[in-house]
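As structure tokens, the structure follows; a few thoughts come after it.
Here, each number is a calculation from the coordinates, and none is a lab measurement. These figures come from a predicted structure and were not determined experimentally. When we count neighbours, we look across all protein chains shown, and the Cβ atoms used for this are built from the backbone with ideal geometry, even at glycine.
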Amino acid sequence: MNPKIILGVQVTDRLKKVAQVQKILTQHGCNIKTRLGLHEASNATCSPSGLLIIETIGKPAEITALEKKLKRVPGLVVRKMVF
């Protein structure tokens with residue numbers, strides 16, 4: 001049985017990084033079971049930073065490839081939880 005791997009991705013400049021991050025996530029779409037995006041927002045402001053929580057599925061090597069691509073994007077902080 002494959003381990004359950006959750007990736008946490010902090011994006012420090014959402015508006016500048018969105019296209020690059022979305023391209024990577026699309027490339028690995030078959031390895032993403034659940035994706036949750038969080039950022040501070042109100043009627044008066046919209047935060048430039050955000051957090052993605054990604055529940056992955058698939059072979060560990062495929063998930064590692066996703067993690068490595070995200071880590072290569074400047075301005076992202078990627079953390080992994082393995083269960």
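Return the calculated 222 nm mean residue ellipticity for the chain, to the nearest 500 deg cm²/dmol, obtained by summing -39500 (n - 2.57) across DSSP H runs with n ≥ 4 and dividing by the residue count.
-10000 deg cm²/dmol
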- Task: Calculate I(q)/I(0) for segment 5-82 by the Debye formula, one identical point scatterer on each C-alpha and no solvent, and give its log10 at q = 0.12, 0.17, 0.24 Å⁻¹ to two decimals.
- Result: -0.32, -0.61, -1.15
- Hey, which aspartates and glutamates would be in cross-link range of residue 33, C-alpha to C-alpha under 19 Å, not counting anything within fewer than 8 residues on its own chain? 55, 62, 67
- Task: Arrange 73, 18 by Cβ neighbour counts within 10 Å, fewest through most, would you?
- Result: 18, 73
- Could you list 38, 66 in order of exposure, starting from the residue whose Cβ has the fewest other Cβ atoms within 10 Å? 38, 66
- Between helix 60-71 and the chain: long-axis angle, C-alpha atoms, 0 to 90°, nearest 10: 30
- Query: Roughly how many whole Å is it from the C-alpha centroid of segment 62-79 to that of segment 6-26?
  - Reply: 9
- Message: With angles folded into 0 to 90 degrees, how steeply does helix 14-27 sit against the dominant principal axis of the chain? Use alpha carbons for both and round to 10.
- Response: 20
- Task: May I ask you to list the residues of segment 48-63 whose amide nitrogen lies under 19 Å from a point 7 Å from Cα along the Cα→beta-carbon direction of residue 73?
- Result: 48-57, 62-63
- Item | Taking 46, 30 and counting other C-beta atoms within 10 Å, the order from fewest to most | 30, 46
